[in-house]
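Just so it is clear, none of the values below were taken in a lab; they were calculated from the coordinates. Just so you know, these numbers come straight off a predicted model, no measurement behind them. Counting neighbours? That spans all protein chains shown, and the Cβs are built from the backbone with ideal geometry, glycine included.
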Amino acid sequence: MKLPKYPLKAEKSLMVFEFTSEGPKGKIKKLVKYSETNLKDLYNLAFGDKDNVTGEINDSTISNNGDSDMVLATVVATVYAFTDKYPDSWVFATGSTKARTRLYRIGISKYLLEIKRDFQVFGLKDEEWEPFEKDVVYEAFLVKRK
């Protein structure tokens, strides 16, 4: 995606990324974390604000820092970096709430043509994976680098 992105810091493994959102509510540290699942080559993408006390992801906070496209572009940049290092991986993502899942769906839909150049994109609907289409309500998302 040719959108402005925040600078990223990453662990050597490229399993954890950190960046700082900047907007009307100040500087907010964000984390993107990839975790192995019990299925081979399937990783869960977790994303949210960095909890200042625990250092872990807080995916229930609503930042509303006025930079959602830039935050989305930065998260997508981590997917590129992660799948560069782990080219056989599938990345699974869903929101912590229905509203967040809807926001992710809107973001994917908005940039679908660009995303599809480099990724296969699927949505989970009625317990079945199908190729992602705009204006369809999905429960989760799955991407794989082409």
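When restricted to Cα atoms, the stretch 1-60 yields an Rg and a Dmax of 13.0, 42 Å, respectively.
Simple point charges give the picture: +1 on the Cβ of Lys and Arg, -1 on the Cβ of Asp and Glu, and for the chain a dipole about the Cα centre of about 460 debye. Could you work out how far helix 98-110 tilts from the main Cα principal axis of the chain, as a 0 to 90 degree angle to the nearest 10? Long axis of 98-110 versus the principal axis of the chain: about 70 degrees. Report relative contact order for the stretch 32-83 in percent, whole number only (criteria: Cα-Cα under 8 Å, sequence separation at least 6). RCO, the stretch 32-83: 23 percent.
Working note: Karplus 6.51/-1.76/1.60 with θ = phi - 60° gives the stretch 82-91 the couplings 4, 6, 5, 6, 10, x, 8, 7, 10, 10 Hz, where Gly and Pro are set to x. Sequence-ordered 3J(HN,Hα) estimates for the stretch 141-146 from the Karplus curve with 6.51, -1.76 and 1.60 and θ = phi - 60° stand at 9, 9, 10, 9, 5, 6 Hz, glycine and proline given as x. So which lysines pass the test for K144, namely a Cα distance under 19 Å, with those fewer than 8 places away in the same chain ruled out? Hits, sequence-local ones excluded: K33, K40, K85, K110, K116, K125, K134. Considering the stretch 37-94 at the alpha-carbon level, its Rg and Dmax are found to be 13.2, 37 Å. For Y6, the residues 5 or more places off, or on other chains, whose built amide H falls under 5 Å of its own are T74. Relative contact order for the stretch 9-145: 18 percent, from Cα pairs under 8 Å spaced at least 6 residues apart, divided by residue count.
Each 5 Å bin from zero up to the one holding the largest Cα-Cα distance in the chain carries the following percent of pairs: 2, 9, 19, 24, 23, 15, 6, 2, 0.
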